[in-house]
Every structure is written in structure tokens, then in C-alpha cells.
Amino acid sequence: MKHKYNLLCLFFLFFPFLVHAEWVPANFDDVIAEWSLDRVPATFKRNFSAADVAEIFDEIDQNLRVANQPGQAYRHSWAESTFQVLPESAQISPRGLFVRARIDQYQHQFSAAIKTLKKLVLQQPQHISAHLLLARLYTLKGDSAAAKSICVRMIGLTDVLTIAACSSEADGNVNARLLSQLENMIIQQGWPDDERALWLAQILAEGAMQTGQWDLASHWLNTVMEMRAPATLTLSFLAQWSDIEFVLNDPQRVIDVLSPIVTGNTDKDDALLLRLAIAESSLGLSSHWTDIMRDRVALRELRNDQLHASEMARFYLEIEKDIGKAERWANINWQKNKSYEDERLMSLVRNSLAQTSVEGSH
């Protein structure tokens, strides 16, 4: 039987990992969110055997594998809390270092994650996943040269497809030669049957987006969507797919795909709520999703939650038409995230500011 607890009972367990700035409720009886008992980490014994540690790491890995799917973000907090009960020797082991880096990545503590991963690859030079995450983090920080050097280090350690994808992402997915190489390898070999399929589709889609080939971008993502249930895709994949559908003027399809996913999950993700609100607004529908997202934005404003700065900026830009607030949140997002999507958001905000300035001068 599942019981539910007021969040305040779990406040110090979960809250530090969800936000950067502390927010104290005006009323200590307020319920901010609820988790059922099966979402609360078990209390593990303190005398760990090697088998205990391995079992806990397996469970952490399993949770982190699905944590980026819709409605599963709470698993990041579960993994963090569970990781903390492990002995220090386990936390500083190669496996522990990789978990720590993944948790820091989720919290947008990119510099900390990079420091941890550098330590890890010194210990295990053949740790492919560590190299890939390190390259990705350098890319997010806008350090393309460092990211590309990490990709090059993997030559001889992994397959050509993975190295080409890593290099393309590090280069901002604007290198036509690398993109063509990826496309040809996929045509010849087929899509990999692991999570790289999503990654590769997103790389190819982003390359197409940057050259204005929105139909081609849609093709790449839809090809993978035909092989996977939408609810099992990652949030970043679904967000990118939705944004492409908006450019192609098909907001109804966004609602058709995302609405069942969001409705079917207790936890509603900002990224998907935002896209549903944009679709709803563009179609002139009732403001069901918009109202939910507006309440979410108000809550994040209260606690200055910067983990969702891009969604905040998009909401103010496209729904509320508050360019000043859109600029503020876009700048906050840009301080830490420098991917193509973040650059595109800044461009949209600046264009809106310029348009507002022109209109105000008449």
C-alpha cells in the first residue's frame, strides 16, 4: 500500500538537488509536491560488502538510464540520495566518479562534472562513456577545441560511428563532411540498437536545422520515433522534435504526441509542458496546459530556479510576450549552456527586442 508524505517531511532529502537557491514556503503546511514511498531511497546498512556496493550501483545506473525520460526526473534525486549512503571508498571509485559526474551534469554543475571526469579518465583511459560525457560538457560550455580533443582521444578505443558523432557534436554539427559521414554510415549499417540512435538522430536533425532544412530535420527524428514508443524517448529528443514541428506549422501533432505522455505521468516536465502550452496557444485552444505551465513558471520565479531557465525564457517570449523577462532568463541560461538551441533562443529573444524597439520608435 502506498502512502504519501508532505514534501516538507522529505525537504532536506530531496530539495537541495532540485534547485540552486533555497526557497522557504510562506506557510509550512503548504504541499509543494508529493512522492509515494517507493520513490524514497531505502535506508541502507552501513557495513557494505562488495556485493552490496555493486547492487546499489546497478540500481543507481538503472534509475539514471531512464531519468531523462518523461515523468522520471525524480530518479535523479533518488540516485543522488542513494549515492550519498555509499562509503567514501565507493564514491571515489571509478564507478562512483562517473555517477557523481552524471549527477553534477543534471544539476548544471558542469565545471564540477568536468573535474570529476578528468580524474576518472586518468584512472581509466578506456572509459568510453566518461570521454563522451566529458566532450559533451565541454561543448555545452562552448569549448569546442577541448571537446574535439576528447573525441580524438577515443580513436582506437571505440567504433568510427561514435567518434564521428562525438566530433560532429563538438564542432557544433555544422561540419558538412562529418554529417555526411554519419548519414552514410547509418545508411550502410542501419541505426544502432542502443541509445546512440537517439543521439545520432538529434545530431543529424540539428545539422539540418542549422541549414534551414526543417523537413530533413523532421525526417531524422521521425525515423527514430517510428522505432520507439514516444514515452520512452528522452526529454531533449521530444523537445527538439516539437520545436521542429512548430517551424513546420504542425502544433496539433505536438499536442497529439505529447498530451498522452504528460497526462500519463504524475510528474509533469517543464520542457513538455512548455511545448504543449505553445501548441495550445498557436491553435487558439483553451488554456489547459498554458495555465499549468504558468503556475510552474510562477513557482520557479519564487525560488529563482535556474535549472529551467530556457523554458522560462521561452514561456515569457512566446506565451506571455514579456520580452524583458524573456531576455533575463535567456541570459541566465546562456551563462551555463551554449549549445545550438541555447544560441537559437538568444537569437529569438534579440530579434524580438529589436522588433519591439522598432515598433516603439514609430
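Sequentially through segment 245-257, phi angles give Karplus couplings (6.51, -1.76, 1.60; θ = phi - 60°) of 4, 5, 4, 7, 6, 10, x, 5, 5, 4, 5, 4, 7 Hz, Gly and Pro residues having no value and appearing as x.
Of all the accessible heavy-atom surface of segment 90-158, with the other protein chains kept in place and a 1.4 Å probe, what percent is carbon and sulfur?
Numbers: 1700 of 3150 Å².
So the carbon and sulfur contribution to the accessible surface is 54 percent.
Using the Cβ-Cβ distance between A51 and Q91 with R0 = 22 Å, the FRET efficiency computed as 1/(1 + (r/R0)^6) comes to roughly 0.80. Separation of segment 279-358 from segment 217-252 is 20 Å, based on Cα centroids. Between the listed residues S259, L178, S347, the Cα displaced farthest toward the positive end of the dipole of the chain, a dipole computed from Cβ unit charges relative to the Cα centre, is found at L178. Within the shell of other residues whose beta carbon sits under 15 angstrom from the beta carbon of T263, the net charge comes to -3, with Lys and Arg scored +1 and Asp and Glu -1. Pairs of Lys residues in the chain, spaced 8 or more positions apart or belonging to different chains, with C-alpha separations under 21 angstrom: 18 in total.
Shown in residue order for segment 144-153 are the 3J(HN,Hα) couplings computed by the Karplus curve 6.51 cos²θ - 1.76 cosθ + 1.60 at θ = phi - 60°: 5, 4, 5, 4, 5, 5, 5, 4, 5, 4 Hz (x for Gly and Pro). Once Rg/Rh (Cα atoms, Kirkwood Rh) is calculated for the structure shown, the corresponding label among (i) 0.96; (ii) 0.99; (iii) 1.43 turns out to be (i). Which of E245, E206, E301 moves most in a GNM of the chain, Cα contacts under 10 Å? Ranking E245, E206, E301 by mean-square fluctuation puts E301 first. Remark: segment 90-158 carries 46 Å² of accessible area per residue (probe radius 1.4 Å; ligands, DNA and RNA excluded). In the assembled protein chains, V160 presents an accessible area of approximately 90 Å² (probe radius 1.4 Å). Taking θ as phi - 60° and the Karplus parameters 6.51, -1.76 and 1.60, the scalar couplings of segment 183-193 work out to 4, 5, 5, 5, 4, 6, 9, x, 6, x, 8 Hz in sequence order, x denoting glycine and proline.
Legend: residues D143, D342, D58, sorted from most to least accessible area (1.4 Å probe; ligands, DNA and RNA excluded), read D58, D143, D342.
The values are calculated or read from the model by the stated rules, or taken from the named source; none is laboratory data. Just so you know, these numbers come straight off a predicted model, no measurement behind them. Cβ: placed from backbone, ideal geometry, glycine included. Neighbour counts: every protein chain shown. We work out accessible area using only protein heavy atoms, side chains counted, and drop any ligands, DNA or RNA first. Shrake-Rupley method; radii C 1.70, N 1.55, O 1.52, S 1.80 Å.
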